[in-house]
1. Please go through region 242-296 and give me each residue that is of a type in the set (Gly, Ala, Ser) and within 16 Å of ligand 2 (Cβ to nearest atom), ordered by number.
2. Can you tell me which of (1) closer than 20 Å to Asp55 by Cβ; (2) surrounded by 15 or more Cβ atoms within 10 Å (Cβ to Cβ) is the one Arg280 doesn't meet?
3. Within region 105-127, is even one residue part of a loop (DSSP other than H, G, I, E, B), aliphatic (A, V, I, L, M), surrounded by fewer than 21 Cβ atoms within 10 Å (Cβ to Cβ) and within 14 Å of ligand 3 (Cβ to nearest atom)?
4. Condition first: part of a helix (DSSP H, G or I) and within 21 Å of Gly199 (Cα to Cα). Now tell me which residues in region 333-360 satisfy that.
5. Filter region 128-161 for residues that are in contact with an Asp or Glu (Cβ under 8 Å, 6 or more places away or on another chain), of a type in the set (Val, Ile, Thr) and not in a helix (DSSP H, G or I); which is surrounded by the most Cβ atoms within 10 Å (Cβ to Cβ)?
6. Kindly evaluate Asp165 against the criterion of being of a type in the set (D, E, K, R) and assigned to a helix (DSSP H, G or I).
7. Yes or no: Ala309 within 16 Å of ligand 1 (Cβ to nearest atom), surrounded by fewer than 24 Cβ atoms within 10 Å (Cβ to Cβ) and of a type in the set (A, V, I, L, M)?
8. Consider region 231-268. How many of its residues are within 16 Å of ligand 3 (Cβ to nearest atom) and closer than 21 Å to Gly343 by Cα?
Amino acid sequence: MCAKVTLSVIKADLGSIAGHHMPHPDQLAVATKILAEAKQKGLIIDFYVTHVGDDIQLIITHNKGPDHPDIHGLAWDAFKAATKVARELKLYAAGQDLLSEAFSGNVKGLGPGVAELEMEEREAEPVVTFHADKTEPGAFNLPLFRIFADPFNTAGLVIDPKMHDGFVFEVYDVFEGRSVLLKSPEEMYDILALIGTPGRYIVRRVYRKSDNLLAAVVSVERLNLIAGKYVGKDDPVAIVRAQHGLPAVGEILEAFSFPHLVAGWMRGSHNGPLMPVPMRYARVTRFDGPPRVIALGWNISNGRLIGPADLFDDVAFDETRRLAQNIAEYMRRHGPFMPHRLGPEEMEYTTLPAVLEKLKDRFVKSEEVKVVKKHSDMLSGS
Ligand code: 13P
Ligand code: 13P
Ligand code: MG
Ligand code: MG
């Protein structure tokens, strides 16, 4: 039995074949080589490299705790190397998520997304990692609420004495950079009042109330807020621990059986259904989407990553995917209209400010306002 183990999921979009579709295998290979060398040197215990859509995912276990400069530095090196490949191959948007050239000990705020969970391994340590493309961190709000607070989703909240007290949600305000801890079930309506605005309030961590065990972590980086302009969506990752006093894996996956609408999709500017898919379908095509998520099942054994099990690779999710297709078609028919296209607050980071600036002198106080007024006066006989 080793010391506490940290599971770090660190991801970045470093360029893609043909648009924002998927990375080149050579990018995954070079990232794998760098992590393999780190494993050989004993810096990390184990790792797995994959992708969802155009985002490269590094899943790493180690004993160094969250936010460790060696681990973040390692991820940074892997991302730089994958960017180099992207530049050599002239892939699209090479180095997209690396907003800075200089690494200073932590990848947070530099573009990559990070979720890290330090744990004392239990007798068996089942964990699910979620990796999504063409959406934002708040996309996990609804499923995480259902997993940890909704007894219609999670039978264990009623049945399992270890879960019966409920969970504590850390909700992070991305605009203000501060969080609040809220208890479920007591403060369930307060939680919902916040997290129903997923572009601003993000479920960042979830703790089991009875003993403060950390049960879930989400990456909360929002690139646009870091860069001040649209540079791609903040395709998020999440880690959820399972079983034995926590939601069962089936309860965790159940929360994704409804393909809820999330922000992202084409140009990061459209609402669309979040489609749970197996790894082989983690490639986005239609209108650069629809947004999708994979779920990888692991057991952690003295830090070793046993897995992954490709958890959405199940016919039981076929109907969810079919519904997502129908919703995608329905939303697409709105073209550039809200609510398919995002609202003006989110468009702040796209062309909207430039369009408004260009038209500013052409906006005139409308004569029609007077005409309409006169017309209504006439009708009312005054
Ligand atoms: P646990 O004892 O791990 O909570 O098992 C419950 C379960 O998996 C029922 O589906
Ligand atoms: P990514 O954030 O996945 O790079 O997507 C950007 C985009 O503009 C898709 O249309
Ligand atoms: Mg991209
Ligand atoms: Mg992406």
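Derivation of every value follows stated rules applied to the coordinates shown; laboratory data play no part. Please read these numbers as outputs of a predicted model, since none were measured by experiment. Ideal geometry is used to build each Cβ from the backbone, glycine not excepted, and the neighbour counts take in all protein chains shown.
1. Residues satisfying the conditions are Ala263, Gly264, Gly268, Ser269, Gly272, Ala282, Gly289.
2. Just one mismatch for Arg280, condition (2).
3. Within region 105-127 (the criterion being part of a loop (DSSP other than H, G, I, E, B), aliphatic (A, V, I, L, M), surrounded by fewer than 21 Cβ atoms within 10 Å (Cβ to Cβ) and within 14 Å of ligand 3 (Cβ to nearest atom)), the answer is no, since none of the residues qualifies.
4. Within region 333-360, Pro344, Glu345, Glu346, Met347, Leu352, Pro353 meet the criteria.
5. Result: Thr135.
6. Answer is no for this residue.
7. Yes, satisfied.
8. 12
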